[in-house]
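Right, one structure below, let's go through it.
The values are calculated or read from the model by the stated rules, or taken from the named source; none is laboratory data. The model shown is predicted, which means the values in this text are computed figures rather than measured ones. No Cβ is skipped: glycine too gets one built from the backbone with ideal geometry, and neighbour counts run over all protein chains shown.
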Amino acid sequence: MTRGRLTVVGCGICAPLHVSVEAAAAIAHAQDVFCLAADPLVPTWLATLHANVVSVHDLYAIGVGRETTYEAIVERVLGPVRRGRAVCFVLYGHPGIFAFPGHEALRRARAEGHEAAMLPAISAEDCLFADLGVDPSAHGIRSFEATDFLLRPRLPDPASALLLWQIGLIAERSVQARASAWNPAGIALLTDVLLCAYPDDHAVVVYEASPFAICGPRIARIPLAALPLAPIGPASLLYVPAYETAAIDPIMARALGLEARARSPRSASTTAPSRQSAASRAFAAAPKRATS
């Protein structure tokens with residue numbers, strides 16, 4: 001078997017400004033380049049770096065399951081790798097975040113004995129931290145895909161920030177014809193769950209990073225209860241700031257020599273485990289808003 005090479009890179013959110021020098025070099029030195037990006041101008045820009053750029057976006061079709069589409073993308077990318085060629089697969093944003101085809105192509109390439117590597121890039125989360133002035137180290141941050149957040153018992157912790165991805169794609173398993181709030185019923189259900197842990201007037205942010213240098217991000221600061229009425233699209237993220245301050249464990253504070261911090265006013269409020277159990281019970285018992 002002739003050994004091929006696969007390099008998976010990201011073009012960031014605002015290409016080509018977000019493309020790293022390392023990623024650009026990988027693109028330029030590959031024998032074949034495949035591209036999966038929402039912006040139709042990205043393949044045009046890639047053509048300035050490489051003469052053989054093929055978009056795989058044509059494999060998406062309305063009503064076709066994502067698993068089927070991803071399988072087709074992975075196999076197309078791996079074709080020349082299996083023939084011993086050096087291939088670069090360019091993905092939107094960070095190539096390792098919500099990018100199953102990149103991870104699966106790498107996994108199969110390695111399993112088949114080929115060289116394979118992923119290079120980091122700027123993600124929507126990175127843009128959010130910059131645009132909203134958020135420091136994730138201040139209170140900590142929990143990050144979930146929105147559908148997974150609802151499917152599994154992962155109640156929010158009001159003492160840390162919460163970031164939910166793909167809130168416009170809740171329960172969507174294929175490409176749909178509509179492009180605004182793709183699943184209003186899912187947004188309503190998500191709102192009900194969050195209202196069990198936060199007050200209805202808690203300020204949240206619906207955020208969408210800008211893919212264009214001449215345009216700013218879309219930032220909608222709204223009370224949580226108004227989330228079902230917010231402008232939401234398939235690329236929207238929901239950022240929920242911390243509402244409470246977590247208590248400091250006095251025993252651990254003594255062990256770390258940080259007793260003074262344990263006595264600071266900032267540590268006065270608590271987020272006890274029973275608070276989360278109560279939220280779960282409240283959601284089960286509360287009347288739900290209409291979803292149709």
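Show me the strands (runs of 3 or more DSSP E) found entirely inside region 1-97 where at least 1 residues are under 20 Å from the mean Cα position of the chain (by Cα) and surrounded by 15 or more Cβ atoms within 10 Å (Cβ to Cβ).
In region 1-97, 5-10, 32-36, 86-91 are the strands (runs of 3 or more DSSP E) which contain 1 or more residues that are under 20 Å from the mean Cα position of the chain (by Cα) and surrounded by 15 or more Cβ atoms within 10 Å (Cβ to Cβ).
This table checks each residue for (1) under 27 Å from ARG3 (Cα atoms); (2) modelled with pLDDT of 95 or more; (3) not charged (D, E, K, R).
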| position | (1), (2), (3) |
| --- | --- |
| VAL87 | yes, yes, yes |
| PHE98 | no, no, yes |
| ALA109 | yes, yes, yes |
| GLY113 | yes, yes, yes |
| LEU128 | no, yes, yes |
| LEU151 | no, no, yes |
| LEU155 | no, no, yes |
| ARG173 | no, no, no |
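Can you name the condition, by its number, that PRO101 falls short on among (1) in a helix (DSSP H, G or I); (2) of a type outside the set (Phe, Trp, Tyr); (3) crowded, with 18+ Cβ neighbours inside 10 Å; (4) over 21 Å from the mean Cα position of the chain (by Cα)?
(4)
One line per residue, one yes/no per condition, for (1) among the small types (Gly, Ala, Ser); (2) closer than 27 Å to ILE187 by Cβ:
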position: ALA111; (1), (2): yes, no
position: HIS114; (1), (2): no, no
position: PRO120; (1), (2): no, no
position: SER123; (1), (2): yes, yes
position: LEU128; (1), (2): no, yes
position: HIS139; (1), (2): no, yes
position: ALA146; (1), (2): yes, yes
position: ARG152; (1), (2): no, yes
position: ASP157; (1), (2): no, yes
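Being small (Gly, Ala, Ser) and not in a loop (DSSP other than H, G, I, E, B) is the filter; apply it to region 213-229 and report the residue that is nearest to ALA130 (Cα to Cα).
ALA220
Do you know which of the residues in region 236-257 that are in contact with a Gly (Cβ under 9 Å, 6 or more places away or on another chain) and at pLDDT 90 or above is nearest to GLU172 (Cα to Cα)?
Only one residue fits best here, namely SER236.
If I filter region 230-239 for residues that are farther than 29 Å from ILE122 by Cα and not in a loop (DSSP other than H, G, I, E, B), do I get at least one hit?
For region 230-239, residues farther than 29 Å from ILE122 by Cα and not in a loop (DSSP other than H, G, I, E, B): absent.
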